[in-house]
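Colleague: Take this structure first; my questions come after.
Rule-based calculations on the coordinates, nothing more; no lab input. Please read all numbers here as calculations on a predicted model, not as lab measurements. Here the Cβ positions follow ideal geometry from the backbone for every residue, glycine too, while neighbour counts run over all protein chains shown.
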Amino acid sequence: MTRAHDPHGDLVSGGSGVGVLAPTRPPETPLARLRWAVVDGWTVTRRDLTHWIRSPEEVLGGLTFPVVSVLLFGYVLGSAMVVPGGGDYREFLMPGLFGMTMVFGMVITASAVVTDTSRGVTDRFRSMPMAPSAVVAGRSVADMIRAALDLTALLGCGLLVGWRAHGGVAAFLAAVGLLLLLRFALIWVGIYVGLLLRTPESATTLMTLVLPFAMIANTFVAPELMPSWLGVVAEVNPMSATVAATRELFGNPGLGGGSWLARNALLMAVVWPVALVAVFFPLSVRRFRDMSR
């Protein structure tokens, strides 16, 4: 007789002699539930990473726009750009592109989630004896690993075009941490939106909404050089706080602005992502649990 081992501890065998996997009750102790969630979440993470390894064009495609932006704005239009207080425009530009790459990652997350949902992968996960949080948690970990790789590649690209970090090792690591914190927060926005969408094609329309969000910020131009009303919108943009904070930590030019938000960019670079996680994490979990109802 062939027996199948339940990943949560039960051995189940079918009447025909072929092992089958039967649902089990969730572990009762908090420690066992935590281990259950971690093991299942990592299984989903490995599945998502394997998919990307087998489709490297997706990863390369995600880096195309930031790299083209470096060449376009840094070299073609850079000579016409003004940095408040003076300084090299490419050093001003790169933190903005780092932040923009983190924001565009939200579209990648939403597209992956809606693709799994439309193909029935999510429903199959839900029918298995696995931790309820594993699918969304596994997705978030996989996307964070990809975000770290994307950011590493873009940092290397920045070094090639003359960008430098002048703030020291601790400040450099803090800036990278803030960029990844923004990406982590937007992962949960992407998961929630992906669970709301019905078809993978609908995810492509997100770019038309995300692009203005990334452009109406301090990405390419300082808000104080914009029309007054547009500058206010740009300063309120959560991405602007992260970009301004990383410019400060990297020691790059472009610091300025007299508003409270501009003077407290480091604080807001933490507050905005925490607020986004506080809103969209429970919404994502609730939406995932309610999908079959």
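Colleague: Which ³J(HN,Hα) values in Hz, rounded to whole numbers, follow from the phi angles of the stretch 108-124 under the Karplus curve 6.51 cos²θ - 1.76 cosθ + 1.60, where θ = phi - 60° and Gly and Pro get x?
Modeller: Per-residue couplings from phi come out as 4, 4, 4, 5, 5, 5, 5, 5, 4, 5, 5, 8, x, 5, 4, 5, 5 Hz.
Colleague: Still on this model: Please list 3J(HN,Hα) in residue order for the stretch 30-40, calculated via the Karplus relation 6.51 cos²θ - 1.76 cosθ + 1.60 where θ = phi - 60°; whole Hz, with x for glycine and proline.
Modeller: Working through the residues one at a time gives x, 5, 5, 5, 5, 4, 4, 5, 5, 4, 5 Hz.
Colleague: Sort 50-58, 146-154, 247-255 for me by packing, meaning the mean count of neighbouring Cβ atoms within 10 Å per residue, highest on top.
Modeller: 247-255, 146-154, 50-58
Colleague: Which value results for Rg/Rh of the chain when Rg is the Cα radius of gyration and Rh the Kirkwood radius based on the inverse mean 1/r?
Modeller: Working: Rg = 22.0 Å, Rh = 20.7 Å.
My calculation puts Rg/Rh at 1.06.
Colleague: Per-residue HN-Hα couplings for the stretch 239-249, Karplus 6.51 cos²θ - 1.76 cosθ + 1.60 at θ = phi - 60°, whole Hz, x for Gly and Pro?
Modeller: 5, 4, 5, 5, 5, 4, 5, 5, 4, 5, 5
Colleague: With +1 assigned to the C-beta of every Lys and Arg and -1 to the C-beta of every Asp and Glu, and no other charges, what is the dipole magnitude of the chain about the Cα centre in debye, to the nearest 20? Numbers along the way, then the final one.
Modeller: Values: 22 positive and 18 negative charges, 147 e Å.
Around 700 debye, computed over the chain.
Colleague: Using +1 at the C-beta of Lys and Arg and -1 at the C-beta of Asp and Glu, which of 169, 114, 274 has the Cα lying farthest in the positive direction of the dipole of the stretch 32-290?
Modeller: Ranked along the dipole, the leading option is 114.
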